[in-house]
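Written below as structure tokens is the structure these notes are about.
The values are calculated or read from the model by the stated rules, or taken from the named source; none is laboratory data. Please read these numbers as outputs of a predicted model, since none were measured by experiment. Cβ placement follows ideal geometry from the backbone for every residue including glycine, while neighbour counts extend to all protein chains displayed.
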Amino acid sequence: MANLTTAESRRWAEDMRAYWADTRYADKAKSHAALMIARADLDDAEADRETITADKAIMEYNLPILGRYTVSGKMERTYDCCYDDAMADYCESRGMFTGWEWSNDPAAEEHCGELVRLYIGSRESGPEAQYNACDRTWYKLTSRGNFGKKYACGGNWRSEKCTGNDVPEIYTKLQEVIMDYKRIERAKVKVAAAEKRVFAAQQREMSAAYFRQAEHPIYAGQEIICANKGAVVEALAAKTEAEADLMEAQAGL
């Protein structure tokens, strides 16, 4: 994660102030935005730099599960892998749960929107892993069994810091479950796209039938009507085919 430049700090401050303007955090955001700008002005003055404001400012992180994660002062977020409700439901159906703790207060300034801690647990054992984002450190957790239904981060536990490239076993298992989910979702997209292409083939067949009838009209003016219908259905077939292409492209197929 790179620190913001003074120009980016000003942009972040302005975006943050605008984002929180109509909320109960408006005053807090306004005061911290002013502090960020004042610090940036001081740094530029001491370095004899021109005072400018960047066009955009984002903070970038590399996080477990999500991959590359970015956030702006307007709380605009992007992920390599969006751990959405559908994915979470799939993991939970296989007994694996996550708990995400985010910094969501403008007092955090450019650190607003960053991950604080990630917890991973199982239905059988409760909390089994903790990731501290500030120092990118994993901990293996051993629950005291009082987690109730808060499988990811409920109750009390004993923690053991992971060393080197070691990670808790449950995190590796969770990654495998997520990969299974992605394979299933890609397969579903393939089926849906294939169904659209089958429909497109039917539309093209119908279009060809209209064009054939246009060549052998049975009453005056039928050739124009059939030719127009053939052209419309042909265009619809192209649209259906394009929708299939789009589905596959969005799924990375």
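Here is how the numbers come out for the structure above:
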{"read-out": "Extreme residue, nearest to Gln250 (Cα to Cα), among residues of the range 196-221 that are surrounded by fewer than 13 Cβ atoms within 10 Å (Cβ to Cβ) and charged (D, E, K, R)", "value": "Glu205"}
{"read-out": "Answer residue from the range 154-182, given it is touching an Asp or Glu at 6+ places or on another chain (Cβ under 8 Å) and surrounded by 15 or more Cβ atoms within 10 Å (Cβ to Cβ) and is farthest from Asp89 (Cα to Cα) among those", "value": "Pro168"}
{"read-out": "Test: residue in the range 175-187 that is modelled with pLDDT of 95 or more, more than 23 Å from the chain's Cα centre (by Cα) and in a helix (DSSP H, G or I)", "value": "no"}
{"read-out": "Candidates Ala152, Ala237, Ala231, Ala192, filtered to the one that is part of a loop (DSSP other than H, G, I, E, B), of a type in the set (A, V, I, L, M, F, W, C) and modelled with pLDDT of 95 or more", "value": "Ala152"}
{"read-out": "Filter result for Val189 (closer than 30 Å to Met247 by Cβ and without any contact (Cβ under 8 Å) to a residue 24 or more places away in the chain)", "value": "no"}
